[in-house]
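K.L.:
Here it is, the structure in full.
The values are calculated or read from the model by the stated rules, or taken from the named source; none is laboratory data. As the structure is a computational prediction, the values presented were derived from the model and not from experiment. When we count neighbours, we look across all protein chains shown, and the Cβ atoms used for this are built from the backbone with ideal geometry, even at glycine. Only protein heavy atoms, including side chains, enter the accessible area calculation; ligands, DNA and RNA are left aside. Shrake-Rupley method; radii C 1.70, N 1.55, O 1.52, S 1.80 Å.
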There are 2 protein chains.
Amino acid sequence: LQSVTVFEQEHFQGKFLEFTSECCNIHNCGMDNIRSIRVESGAWVGFEHHDFQGQQFILERGEYPNWEAFSGSLSYHTEHFMSLRPIYCASHHSSRMMIFEKENFIGRSTELCDDYPSLQAMGWFMPQVGSMHVQSGAFVCYEYPGYRGQQYIMECERHSGDFQHWRNWGSHCQTPKIQSIRRIRH
Amino acid sequence: LQSVTVFEQEHFQGKFLEFTSECCNIHNCGMDNIRSIRVESGAWVGFEHHDFQGQQFILERGEYPNWEAFSGSLSYHTEHFMSLRPIYCASHHSSRMMIFEKENFIGRSTELCDDYPSLQAMGWFMPQVGSMHVQSGAFVCYEYPGYRGQQYIMECERHSGDFQHWRNWGSHCQTPKIQSIRRIRH
């Protein structure tokens with residue numbers, strides 16, 4: 001079970017809505033803005049635009065009292081938060097993926113099943129990834145080491161876990177740079 | 001051994017300096033700005049101001065071609081990067097710390113030895129930590145879940161690993177909010 005409450009004002013004030021499943025457009029639910037968030041259970045992915053488009057950001061269990069401050073810590077200042085959905089396949093014990101040097105699953109490859117704050121420190125010598133296949137569970141991939149920069153949420157149940165080109169990683173993706181990867185757990 | 005190269009221009013161009021130990025003021029080394037960074041080995045902590053003051057940010061092995069873009073992904077837009085030092089006690093296998101509900105190591109406590117993208121999801125029911133003791137290794141503590149927001153680098157060799165009040169966590173710290181914690185590994 002997953003549950004999140006979003007508030008129209010900062011510090012969990014004002015009009016609020018609780019979700020236990022996806023919302024493709026917060027405006028259609030009668031809410032103008034999201035200014036604070038409390039994730040009660042599960043892990044969620046928020047999107048800049050409606051219909052799960054634009055910048056992606058993971059929301060894990062906890063309190064986000066000030067969306068504007070939190071948004072300032074994302075890879076770029078995301079002024080909008082228009083849609084969200086739960087991450088269904090996040091599983092503590094079995095997240096596993098393959099990364100490949102080139103697109104279409106060719107070239108050097110390695111299997112990942114842990115958290116990697118620096119892919120280069122664990123032996124992946126380039127700052128980019130060509131393609132990825134998620135065998136089980138879910139991961140967040142980041143542009144920079146230390147879980148910073150652009151975020152791409154990769155789940156085994158989306159696109160059959162196949163991400164053969166950086167253009168499939170998300171509608172906002174502009175480069176193949178990935179330097180840290182971690183499991184989504186909850 | 002740890003080594004980092006900092007460049008005066010973006011994309012590893014222009015004047016550069018290599019460091020294998022701390023630098024308390026980049027200006028004293030004849031460099032005006034840092035606009036790109038390549039961490040060759042080890043994990044480093046960068047500081048907003050000289051003499052290791054101000055906002056802290058971990059730099060793990062990998063490439064940071066554009067400091068301005070990376071800085072935009074920190075908890076607030078850090079315009080300056082004035083000093084840096086290696087993190088000596090980062091150890092893959094033995095990072096261990098205690099967190100306490102209240103200051104001065106009292107109240108509820110729990111031991112941490114893994115990565116926790118959400119402290120609340122692992123059973124710590126409040127969004128803040130009162131005090132901390134690092135028994136071994138090194139950790140990064142974050143204001144928000146998912147390793148976002150303000151960063152505090154906690155090492156067993158600093159302050160004997162004792163951080164009895166949030167005012168000791170860093171010169172920029174303004175609240176006891178900590179919602180995710182991870183080991184520093186390299």
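K.L.:
How much length is gained if the chain between A:F16 and A:E40 is pulled fully straight, taking 0.36 nm per residue apart and subtracting their Cα-Cα distance, in nm to one decimal?
P.N.:
The span from A:F16 to A:E40 would gain 7.3 nm if fully extended.
K.L.:
Taking the Cα centre of the range B:137-177 as the origin, how large is its charge dipole in debye, to the nearest 20, when only Lys and Arg (+1) and Asp and Glu (-1) carry charge on their Cβ atoms?
P.N.:
Rounded to the nearest 20 debye, it is 180 debye.
K.L.:
While we're here: Ratio of the protein assembly as shown's C-alpha Rg to 2.2 N^0.38 Å, to two decimals? Spell out each step's value before the answer.
P.N.:
Numbers: Rg = 19.8 Å, N = 372, 2.2 N^0.38 = 20.9 Å.
Scaled against compact globular proteins, the figure is 0.95.
K.L.:
On to the next question. Which of the three applies to chain A, rounded, prolate or oblate, going by the alpha-carbon gyration tensor with a ≥ b ≥ c and a/c under 1.5 meaning rounded?
P.N.:
Prolate is the answer for chain A, as a/c is 1.5 or above and a/b outweighs b/c.
K.L.:
Next up: How much mean residue ellipticity at 222 nm does chain B get from its helices, if each DSSP H run of length 4 or more adds -39500 (n - 2.57) and you divide by all residues, to the nearest 500 deg cm²/dmol?
P.N.:
Rounded to the nearest 500, it is -500 deg cm²/dmol.
K.L.:
By its C-alpha gyration tensor, with a ≥ b ≥ c as the square roots of the eigenvalues, how is the range A:15-67 shaped: rounded for a/c under 1.5, else prolate for a/b larger than b/c, else oblate?
P.N.:
Cα axes put the range A:15-67 in the rounded bin.
K.L.:
Further question on the same structure: Give the lysines reachable from A:K102 as a straight Cα distance under 22 Å; neighbours fewer than 8 places away on the same chain don't count.
P.N.:
Excluding near neighbours in sequence, the set is A:K177.
K.L.:
Using all alpha carbons of the range A:1-40, what is the percent of pairwise distances in each 10 Å bin, ordered from the shortest bin to the longest?
P.N.:
Spelled out per bin, shortest first, that is 33, 58, 10.
K.L.:
Using amide H atoms built in the peptide plane, which far-off residues or other-chain residues are under 5 Å from B:Q179 H to H?
P.N.:
So B:Q179 has HN proximity to B:Y142, B:E143, B:Y144.
K.L.:
Something else now. Label points 7 Å out from Cα along the Cβ direction at A:N104 and A:H159: separation in nm?
P.N.:
1.6
K.L.:
So how exposed is B:R108, as accessible area in Å² (1.4 Å probe, rounded to 10)?
P.N.:
Only protein atoms counted, so the area is about 110 Å².
K.L.:
Over the Cα atoms of the range A:33-141, what radius of gyration and what Dmax do you get, in Å?
P.N.:
Here Rg and the maximum Cα pair distance are 15.9, 45 Å.
K.L.:
What is the spin-label model distance, in nm, from B:H49 to B:T5 if the labels are put 7 Å beyond Cα along the C-beta direction?
P.N.:
About 3.2 nm, to one decimal.
K.L.:
If you place +1 on the Cβ of every Lys and Arg, -1 on the Cβ of every Asp and Glu, and leave all else neutral, what size is the dipole of the protein assembly as shown about its Cα centre, to the nearest 20 Debye?
P.N.:
The calculated dipole for the protein assembly as shown is roughly 560 debye.
K.L.:
Excluding B:W166 itself, calculate the net charge of residues whose Cβ lies under 12 Å from the Cβ of B:W166, where each Lys or Arg counts +1 and each Asp or Glu counts -1.
P.N.:
Summing Lys/Arg as +1 and Asp/Glu as -1 gives +1.
K.L.:
Using only alpha carbon pairs under 8 Å that are at least six residues apart, calculate the relative contact order of chain A and give it in whole percent.
P.N.:
Across chain A, relative contact order equals 20 percent.
K.L.:
Any idea of the accessible area per residue across the protein assembly as shown, 1.4 Å probe, to the nearest Å²?
P.N.:
The answer is 40 Å² per residue.
K.L.:
I'd like the FRET efficiency for A:H80 and A:R167, computed as 1/(1 + (r/R0)^6) with the beta carbon distance as r and R0 of 22 Å, rounded to 0.05.
P.N.:
It comes out at approximately 0.50.
K.L.:
Any idea what the dipole of the range B:1-90 comes to, in debye rounded to 20, about its Cα centre with Lys/Arg Cβ at +1 and Asp/Glu Cβ at -1?
P.N.:
It comes to approximately 160 debye.
K.L.:
If the cut-off is 13 Å between C-alpha atoms, which aspartates and glutamates fall inside it for A:K15, apart from same-chain ones fewer than 8 positions away?
P.N.:
Within the straight-line cut-off, A:K15 pairs with A:D32.
K.L.:
For the range A:94-169, rounded, prolate or oblate, judged on the Cα gyration tensor with a ≥ b ≥ c (square roots of eigenvalues), a/c < 1.5 rounded, else prolate if a/b > b/c?
P.N.:
Rounded shape, in that the Cα axes give a/c under 1.5.
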